[in-house]
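Right, one structure below, let's go through it.
The values are calculated or read from the model by the stated rules, or taken from the named source; none is laboratory data. All of these numbers come straight from a predicted model, not from anything done at the bench. Cβ placement follows ideal geometry from the backbone for every residue including glycine, while neighbour counts extend to all protein chains displayed.
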Amino acid sequence: MLRRERAHVEEAPGRGPLGGHHERPDARAKVSGSTRYVADLALPGMLHAAVAVAPVASARVSGLDLASARAVDGVEAVLTAADIPGRNLVGVIFEDQPLLAREKVRMVGERLALVAARTPEAAWAAAHLVHADLEPLPAVHDPVQALEPDAPRVHDAGNLIRTFRVVRGDTARARASVVVEAEYRVGGQEHAYLEPQGCLAIPEGRQRITIVASCQCPFYVQHAVARVLGLPLAAVRVEQAPTGGGFGGKEDYPSEPAACAAVLAFATARPVRFVLPRELDMQVSSKRHAMVIRHRWGADRSGHLRFAEVETVLDAGAYIGISTVVAERANVSSIGPYHVPAVRVSTRVAYTNNLFGGAFRGFGTPQVTWAAEATMDRLARACSLDPLEFRRRNLLDDRRRRLCTGQSLRRPVLARECLERAVALAGWDEFHARPRRQEGPMREGMGIGLALYGCNLHHGGQHLDRSSAVVILQPDGSVVVRVGLTEMGQGNLAACQTIAAQALGVEPAHVQVWQPDTTTVGDSGPTVASRGAHASGMAILNAVDRLRKKLDPVAAELLECGERDVELAGGFARVRTDPDHRVPIARLAGEMASRRIEGISTGWYRSRKRRFDPVTGLGDPYEFYAVACHIARVVVDAELGLVRVTEVSAAHDVGKVIHRDVLEGQIQGGIVQGTGWGTSEELKLDRGRLCNPSFTDYIIPTAADVPSIRIAVVESEGPGGPFGAKGIGEPSLIPTAAAVRNAVVEALGLEIDRLPLTPPTIVEALGNRHPFAWVAEEERVRGRSEEVAAGR
Amino acid sequence: MDVPIQQVIRPATIAEATALLATRPDARPIAGGTDLMVQLRDGRKHISCLVDLDGLGMAEIRRVDEGVEIGASTRMHSIAAASEIRSNFPALAAAAGTIGAWPIQCRATLGGNLVNASPAADTAPALLIAGAVLTAVSTAGTRPLPVAGFFVGPGRTVLMPGELLVSVFLPLAQVPPGCRLVERFVKAGPRREQVIAVVSLAGRAVVRADGTFEEVRLALGSVAPTPVRARRAEAALMGRRPNQETRRGAVQALQHDIAPIDDVRAPASYRRIAAAVLLDRFLLEAARV
Ligand SMILES: Cc1cc2nc3c(=O)[nH]c(=O)nc-3n(C[C@H](O)[C@H](O)[C@H](O)COP(=O)(O)OP(=O)(O)OC[C@H]3O[C@@H](n4cnc5c(N)ncnc54)[C@H](O)[C@@H]3O)c2cc1C
């Protein structure tokens, strides 16, 4: 299925592992089943946690009856808000969310009480027996309605959390002869990680505690646990467990189960394991935000964009979490990689009583990209240009480098390169040159999606944009690396291994990268924003530099050369000008050990300071950017409404390839997850309750739904991180659904402005153009039957 | 989480199994467990004792006079692969081959699919058009149950407590000389594989040499509280040629055979339209083959 362009990436001898595809260090253990995830861990005397939750989205809590829960055989503790030793608070940025509700519940699944018991069955049975007196309160389930003055208030201060803007030029006075308007309703997404949320809390008296957690940021967990237990940070040790998928869902959320387990562990003085059942996990953990996005964009007669107005509302759910950070990124990403002289963007974040919005691969960018690319196609049609030509006229490039915030991109700007590479891979011209099959219900289409992704953290989160590494040279020449960023399946161990091996001139197999632990590295922030390889890699390079201050003098002595002439490559320290003059690194390490020279060093990285005005949205929100272009080819069954994505051609501006398989793995995975989001994954809500909280009815792609994937990797000597690498984790997903949407629109010849494009959505959009539209009339005439007609 | 099962009993004979079921009201048969285990875990069923049907020798596909008999414990993958089924009952073979994916097909049984009585049970429409007759056994004796009256509602059948389904008999289709037989099973859902039917349709058409229908049988899943025969649509097709007018008439009649609802998988209006599409496609194919 996958066509590789391998030839140009084969490693040249002596060049090191960079850009190659040696075996991932975690692959064998994972594939053979020997990796131990949280649910596999057990300790003597360990208890199991469960949580009693609210079944309704908005209510006053007038009483909690714990007697029957406490009576369940095997139950050791049932706790409420009053039993929390520290602060009853979770949440990364704002203090709006209690660990356990006291007076009010604001979402389905809000925690009311915690249980610890000797078996998971007893714990959950007891949790179900916690009886809460809940007096229903009005609720709001639409983010746009939530912002109306008379809407029920989720929190006392009102439902508007924040407004972000970009205002550049005067859109009202822009001269555009072609103007299009649209309102897009873009649905959320469930992360569908293989491993549900879980952690193990191990107390040592009431002095300190160790948490082993499936998570993307052990430091967030550390802060959350310290706060609920009232402990100093140093008394909370968080070790990242092997993590079976995150996709953003384990950025901030793991703090919540960890805080629960910690409180129970302190109360019982026993280890407590807490693994969320899938259904509850899907209901309560964070989700990609649903957004409502309004556009008014204009172009002149020659097909050049003149202005763009975007008004977005994010559904944050009942607590802020990191929704404002998502909105901050969505806000400045609203226009995509296009040159637009006048821009007005507003992005509002609204409380509702719906699912908890949070981080998800792309972090707000996929939604606004979906809308932007839909509008680009609309405008192209309105200008009587094809979507490819219209994009060619408007893309940022080395001459027109200013993005909507006014930031001037650093050269080279590779948007055009990505577009043309994807166009070539997809066979765009051939596809559009030949006549399309029109008999029968199957319709073919091809669509483009382009994305501009700001690498690493936004200006607003710059205080977190630092990271720590420790490199330890062992006496046998092997190397231990510890970093503060996590492996969650994406390949960060392989990336760090490659970077360290490249810098130290050793075989990748001689480098062991270990999962982070808050007692071994400094706070490195979260593994998000496609920053894993970047942030950990930069810190590793810094640590290697410092290590060489101790290593090079010894090497110089053995090689009888100057310290400056020492070079590390191919497993040797050698003389730069005379590479045959060399000593094995293993010998060098042995020598250092016998001389008792410290073979350990730390490394640190922090991003450069940038200027950005949060009021106008002008300035440099990100340090550098990656461009991606996906072209999707679809076949749509125009009668059943089923979309089949047959092929995606993906061109990515990656700076530099660190590990080829990891890179391609990210691109393939992003495309599959993006396809699912765009076509079949739908969070169906009934008054804030998720109606499809399982994989029976939350429809992710199967292997049979995976398109054939073609990849073009665009490398450059431009700005970037370690060896010039940019992030790939998120750019790999962002444009897919947009490309699919545009392909479906081309196939059917009608606009569809709702995501996902499920069969019912498409059939509804077809309206009277569907040959059997008339049968739905029968339904209206006959009314609804009472009985459940479809079940398992 | 585990399931609240206290005991699993493995009887060696059908008589032993029915005796157990007659005396233990807390016991339930388990075949492949692909429905039951899920329901136990979800807390939708409360049973403490399982009677495992695996040792009862009910997993055979046999050619008998005038038909084929399938043991209730026959796995879907055996049904999908059996030449006896593929050549005589292609809709059933196709249906069995679309249940879940390969690992599920290696566990899921025909009996379990029927007794679970989901409106979406994929083998049900195929058995309805075949006019299958089920055999139930209990300590009270053996009784034949035509599949047409077997399903009562979602999750409910005419089977009585303590009664075991042992086999399914499918009579061979009667095809008069000069006629040809077209039989299909199709389902519509939200992705390509691993689909629980949003609508399924099994169709059998006996087409005369002149292209008119000698007989048409249609049955659908997920469009009513039980899998249903579409008798009105069948009547609208009898003796006719599947031209556009006939097809439209059949689609119209079909709307009175079905009573779909809105649920988490699809709105009723979509189910009506998709049922129409599946019927229309079947008829077009019957005309072509
Ligand atoms: C991932 C997955 C995908 C699935 N996909 C599909 C699908 O696409 N289409 C579909 O139709 N179904 C699907 N199913 C449902 C299920 O696999 C089928 O209904 C299957 O045929 C059930 O058979 P079983 O042997 O596993 O039944 P079990 O779970 O063992 O039993 C089901 C019920 O029947 C009773 N029972 C079983 N055998 C007998 C008997 N001989 N006499 C009396 N009572 C009996 C049991 O007591 C129980 O109540 C899926 C299930 C899963 C888990």
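What to note about this one:
- Scan of region A:128-151 for residues that are buried (at least 16 other Cβ atoms within 10 Å of the Cβ) and closer than 26 Å to residue A:188 by Cα, ordered by number: A:137, A:139, A:140, A:141, A:142, A:143, A:144, A:146, A:147, A:151
- Odd one out for residue B:3, checked against (1) more than 14 Å from chain A (Cβ to nearest Cβ); (2) more than 24 Å from the chain's Cα centre (by Cα); (3) surrounded by 13 or more Cβ atoms within 10 Å (Cβ to Cβ): (1)
- Set B:101, B:91, B:126, B:96: member being near the ligand (Cβ under 8 Å from one of its atoms), assigned by TED's automatic domain parsing to the domain that holds residue B:145, touching a residue at least 24 places away in the same chain (Cβ under 8 Å) and on the phi < 0 side of the Ramachandran plot: B:101
- Condition check for residue B:182: in contact with a Leu (Cβ under 6 Å, 6 or more places away or on another chain), away from the ligand (no atom under 16 Å from the Cβ), more than 14 Å from every other protein chain (Cβ to nearest Cβ) and not hydroxyl-bearing (Ser, Thr, Tyr): no
- Residue within region A:662-680 that is part of a strand (DSSP E or B) and either buried (at least 19 other Cβ atoms within 10 Å of the Cβ) or within 12 Å of chain B (Cβ to nearest Cβ) (or both) present: no
- Residue that is nearest to the other protein chains (Cβ to nearest Cβ) [pool: residues in region B:232-283 that are among the hydrophobic types (A, V, I, L, M, F, W, C) and surrounded by fewer than 18 Cβ atoms within 10 Å (Cβ to Cβ)]: B:264
- Flag if residue A:313 is surrounded by fewer than 23 Cβ atoms within 10 Å (Cβ to Cβ), assigned to a strand (DSSP E or B) and under 22 Å from the mean Cα position of the chain (by Cα): no
- Among the conditions (1) in contact with a Gly (Cβ under 8 Å, 6 or more places away or on another chain); (2) more than 10 Å from the ligand (Cβ to nearest atom), the only one that residue B:32 does not satisfy is (2).
- Positions within region B:206-231 being surrounded by 24 or more Cβ atoms within 10 Å (Cβ to Cβ) and in contact with an Asp or Glu (Cβ under 7 Å, 6 or more places away or on another chain), in sequence order: B:216, B:218, B:221, B:230
- Flag for residue B:70 being under 23 Å from residue B:139 (Cβ atoms), away from chain A (no Cβ under 14 Å) and within 13 Å of the ligand (Cβ to nearest atom): no
- The residues of region B:252-284 that are more than 29 Å from residue A:685 (Cα to Cα) and more than 22 Å from the chain's Cα centre (by Cα), listed by number, are B:252, B:253, B:284.
- Residue-level analysis places residue A:357 outside the set of residues that are crowded, with 20+ Cβ neighbours inside 10 Å, closer than 17 Å to residue A:310 by Cα and not aliphatic (A, V, I, L, M).
- Flag if residue A:115 is farther than 30 Å from residue A:325 by Cβ and of a type in the set (Val, Ile, Thr): yes
- Some residue of region B:206-221 being within 16 Å of the ligand (Cβ to nearest atom), at the interface with chain A (Cβ under 9 Å from one of its Cβ atoms) and closer than 19 Å to residue B:275 by Cβ: yes
- Residue B:191 vs. criteria within 13 Å of the ligand (Cβ to nearest atom), among the basic types (Lys, Arg) and in the same structural domain as residue B:265 (by TED's automatic domain parsing): yes
- Scanning region B:138-165 for residues that are part of a strand (DSSP E or B), of a type outside the set (S, T, N, Q), more than 9 Å from the ligand (Cβ to nearest atom) and more than 14 Å from chain A (Cβ to nearest Cβ) yields B:141, B:143, B:144, B:145, B:146.
- Scope region A:610-661; condition assigned to a strand (DSSP E or B) and surrounded by fewer than 24 Cβ atoms within 10 Å (Cβ to Cβ); matching residues: A:612, A:613, A:618, A:619, A:635, A:637, A:644, A:646, A:647
- Of all residues in region B:16-29, those satisfying the criterion of being without any contact (Cβ under 8 Å) to a residue 60 or more places away in the chain and either away from the ligand (no atom under 12 Å from the Cβ) or exposed (fewer than 15 other Cβ atoms within 10 Å of the Cβ) (or both) are B:16, B:20, B:23, B:24, B:26.
- Among the residues listed as B:51, B:3, the single one being of a type outside the set (Gly, Ala, Ser) and closer than 28 Å to residue A:697 by Cα: B:3
- None of A:380, A:342 is touching a helix residue (DSSP H, G or I) at 6+ places or on another chain (Cβ under 6 Å), of a type in the set (Gly, Ala, Ser) and surrounded by fewer than 24 Cβ atoms within 10 Å (Cβ to Cβ) except A:342.
- Checking residue A:554 against (1) within 30 Å of residue A:494 (Cβ to Cβ); (2) loosely packed, with under 15 Cβ neighbours inside 10 Å; (3) of a type outside the set (Gly, Ala, Ser), the condition it does not meet: (2)
- The lone criterion from (1) within 14 Å of another protein chain (Cβ to nearest Cβ); (2) more than 12 Å from the ligand (Cβ to nearest atom) left unmet by residue B:83 is number (1).
- Complete set of residues in region A:203-232 that are touching a helix residue (DSSP H, G or I) at 6+ places or on another chain (Cβ under 7 Å), in contact (Cβ under 8 Å) with a residue 12 or more places away in the chain and not in a helix (DSSP H, G or I): A:203, A:206, A:207, A:208, A:209, A:211, A:212, A:213, A:214, A:215
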